[in-house]
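Below you'll find the structure, written out as structure tokens, and then a few comments.
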Amino acid sequence: MPCTHRAMTLTLLTLVAFLAACPSDPPPTDDDDDDSTTPAPPERLLFAFPVAEPWLINLVVGVDHDPVETDDSGLGIDCTNYDGVGFPFCYDGHDGSDFILQGAFSQMDDGSAQVIAAAPGTVVSIEEDQYDRCHISGTAVTCDGHPIIGNHVIIEHADGVRTKYWHLMTDSVQVEVGETVECGDFLALIGSSGNSSMPHLHFEVDLGEEGPVIDPYAGPESQPESWWTEQDGPFDVPGSDCQ
Ligand SMILES: [Zn+2]
């Protein structure tokens, strides 16, 4: 490929490679059980795609399904993306799926990329005061001198499962702690706060005591049954219909 194209590709890969898990990601568990397979919940809660239409999402980075923290080499981890292949840029300890916003900061400033609740529940934690234009600088994320802390919303569902929505825009959170939300409710706008190299949503499904953080996606290097309400094709971006 032309050098310029290759350079652009490498730049993108570098950016993607440094998309980072949130600082508050839960530590890996020491369970003796085999966490490499996702346990079936007693009652299956399904999730709607947590971004309102139009989706404006151009890349999805999957969860590191291997619960063992190994090293920083990026080797030996188990990730997938929505193209159905093992995703080479996922990294050890990344406990969520990243939905990367098309148009980056210009689209973010447009204010139209709404994060929505993936299922009904109760808001248990919010943060919206943090700087939201963090980006990559060299090989590291910088927040231009501001603390590297992400804005977020966390929702607890009836079965104790929590969904977590990270890197939100400053002052964009639409809900309060203790508030009950329905699936599809407007939570906040996609931003680039915290450990984030570009505007994107880091979406996490934490099974709590029932098991590890999972990727709702079903397919290669993920669980066999989807936790999305709509996963039409094996590698399609899910639909936003509620359960
Ligand atoms: Zn992430």
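Derivation of every value follows stated rules applied to the coordinates shown; laboratory data play no part. Predicted, not measured: the structure shown is a model, and the values here were computed from it. With ideal geometry, Cβ positions are generated from the backbone for all residues, glycine too; neighbour counts draw on all protein chains shown.
Summary of computed values
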read-out	value
Extension gain (nm, one decimal) between residue 243 and residue 179, 0.36 nm per residue minus Cα-Cα	21.0 nm
Long-range amide H partners of residue 124 with built H, under 5 Å	154, 155, 156, 178
Kirkwood-Stokes translational diffusion coefficient of region 120-225, alpha-carbon pairs, 4 °C, 1.567 mPa s, µm²/s	89
Calculated log₁₀ intensity ratio I(q)/I(0) where the Debye formula runs over C-alpha points of region 115-154, q = 0.17, 0.28, 0.29, 0.35 Å⁻¹	-0.58, -0.94, -0.98, -1.21
Ranked 200, 157, criterion: other C-beta atoms within 10 Å, fewest first	157, 200
Length-normalised contact order for region 113-197 - Cα pairs under 8 Å, 6+ apart - percent	45
Residues in region 114-143 that a label on residue 170 would reach, taking backbone N under 17 Å of a point 7 Å out along Cα→Cβ	127-136, 142-143
